[in-house]
1. Between the alpha-carbon centers of region 149-169 and region 443-511, tell me the distance in whole angstrom.
2. Output ³J(HN,Hα) for region 194-203: one whole-Hz value per residue in order, computed from phi by the Karplus curve 6.51 cos²θ - 1.76 cosθ + 1.60 with θ = phi - 60°, and x for Gly and Pro.
3. With θ taken as phi - 60° and the coefficients 6.51, -1.76 and 1.60, list the Karplus ³J(HN,Hα) couplings across region 380-389 in order, rounded to whole Hz; mark glycine and proline as x.
4. May I ask for the distance between the Cα centers of region 197-276 and region 295-336, given as a whole number of Å?
5. Ranked highest first by average number of other Cβ atoms within 10 Å, how do 222-230, 332-340 line up?
6. Among Val317, Val223, Asn501, which residue has its Cα positioned farthest towards the positive end of the charge dipole of the chain, with +1 placed on the Cβ of Lys and Arg, -1 on the Cβ of Asp and Glu, and the dipole taken about the Cα centre?
7. Label points 7 Å out from Cα along the Cβ direction at Arg272 and Ser521: separation in nm?
8. Sticking with the crude label model, points 7 Å out along Cα→Cβ, report the distance from Arg244 to Asn59 in nm, one decimal please.
Amino acid sequence: MPQLYCNAAEGRTAPSMAWLIKFAERVPAGYTAGDIVSNIIVPETRQHGCRYIDTVPVNQCGKPNFFISHRWGSPFSHLLTALKKDIGDKEGNNADKPNVFVWLDIFAVNQHPGKAQDDDLSKLQDVIKQSEKTLLVMDNDGQVLRRVWCLFEIFKTVHFKGVQQLRVLAHGVNLMGLKDIFIRLDVGAAQATNEADRLSILEDIGKTIGVDRLNNLIREALVDSTKHEVEQLKASSHDEEDFRFHYFSALNKAGQMMTLAGNYQEAEPLMRETLELASEAMGARSGAAASCVNNLAEVLRHLGKFAEAEPLQRQAVELSEELMGKNHPNTATYLGNLAQLEMALGKPAAAEPLLRRALDISIKSNGAEATDTAVLLNSLASLLLDLGRLNEAEDHYRMALAAVRKQLGPDDPEQVAYVANLAGVLQEKEQHQEAEKLLESALQLCKRTLGPQHPMTATVMNNLGEALARQKRIEEAEPLVRLALKVRIQNLGTQHPATANSLNNLGGVLMGQGKVDEAQSAFRESLEITEKLLGADHPVVANRLNNLASVLAEQGESTEAEVGVGVGVGVGALVRV
């Protein structure tokens, strides 16, 4: 039975990193924090009914520098590695430096149910206030963002001290793979081991900020904290070798977080610098470089820089095949990304075999109803739609939507893209009422979960406006199309295919209202952006030229001679004098 050294300041005291590293030596491999509580902490403190921190020598205890927010179900070794990578092990040749104290609930909170435990938990907010920073330890599957205690701790950190005092530890975690977790983050649906704790936390949130506002606040805090970390590292004095590792990790983390949040313009320069650092430090043909190449290509695709993204995505596929194998799930993901670029570049014949190969790998590796498989089904459906195979496209969209709803639930915002795409093919088949109903529900879900300024929210607003315009409900369509355009410009800039699409839709709405001069301006701007980004021979440019020609004919501007063509005539038949 360990000796009792102190009463540990009522749960406000933390053990040193040196002690924690020594303690970890006796923890069996594979143990989670929950296993440590059940098999070490509770048995060794049962006689006295005390906290484990009360058994730690006084010279190894102190005021917490760091409050550690973590998930009990994650391997303890992952937590310890994350802490050592971030703050160092403070022993050996670092022993002359001031010690570092880390507050962990498994040690500081009494683990014997009763008043003592309740009292310790009630002081948790005081510990967050007193500590210098909160370190959020991300796990590989992002489940930490589904634990109500962890989300509550993020909230209180930001509330008391601001995002600059929150740091996300994500060493070895592929944040880009946690897109669905990030998007559907929901405090109201988060879990806790103790139901009474969950209800108490939700009551506190309800009285202060409210669940919906808190969901958005936490997403913003996760992004802003990583941006702050990069800025802080740039401004600090540093040892070159140590700095390069931390700076690369911070850049990579911030770039991925910004991508998850749809902040593609901010993410691009960070992703470029991350790739440079990975290639210099680990080699241009390393797994780290392959991941960075893929991430940069993804950002460029979202920004509409398709021609620049394509060779990068091909490089990512080649590296994945070389390093992980031709039938590896990562290879399937990269093939799917490459196929989307080929589609965006107007090359459906090149995209289809890529998608079918990726889909075959995913079904064999992940299963027919896996989320990764649903992504590929959705992409294949979009390709079939572009090829005019509407019935096949609808079938594949419905399969994709059914799979993603089974995996994520009917109220998950990740499904919005699938719903919007299904609505699109229904519009092409003149099934406007079903399409409108789908888009209305998707828009409400977007506003509630992602917020009104998210790129996906703008996409759904744009599509709903287009659906209403097709039904000649022009007055209802205009505000939606205008707001979608505004949000897209804010998020994506003026030189983006999505912005051009919104301008084209706005031109159509204005034509329907008889505002011919304004329509011409919108159509012309849409054409200029599209031609600049996609090239004069892209099929979408033909559509834009046709729309502009229509409004010019309405104005009787034959002198400009921008001649429109009927359906099915290629770009070469358009004459511009």
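1. With region 149-169 and region 443-511 each reduced to a Cα centre, they are spaced 34 Å.
2. Per-residue couplings from phi come out as 9, 4, 5, 4, 4, 5, 5, 5, 5, 5 Hz.
3. Whole-Hz 3J(HN,Hα) from phi for region 380-389: 5, 4, 4, 5, 5, 5, 4, 7, x, 8.
4. Cα centroid of region 197-276 versus Cα centroid of region 295-336: 24 Å apart.
5. Working: 222-230: 21.9, 332-340: 25.7.
Order by mean packing, descending: 332-340, 222-230.
6. Val223
7. Placing both labels 7 Å beyond Cα along the Cβ direction yields 3.3 nm.
8. Here the answer is 3.9 nm between the modelled labels.
Throughout, read-outs are computed from the coordinates displayed, never taken from laboratory work. Note that the coordinates shown come from a computational prediction; the quantities given were computed from them, not determined experimentally. Methodologically, a virtual Cβ is constructed for each residue, glycine included, from the backbone with ideal geometry; neighbour enumeration extends over all protein chains shown.
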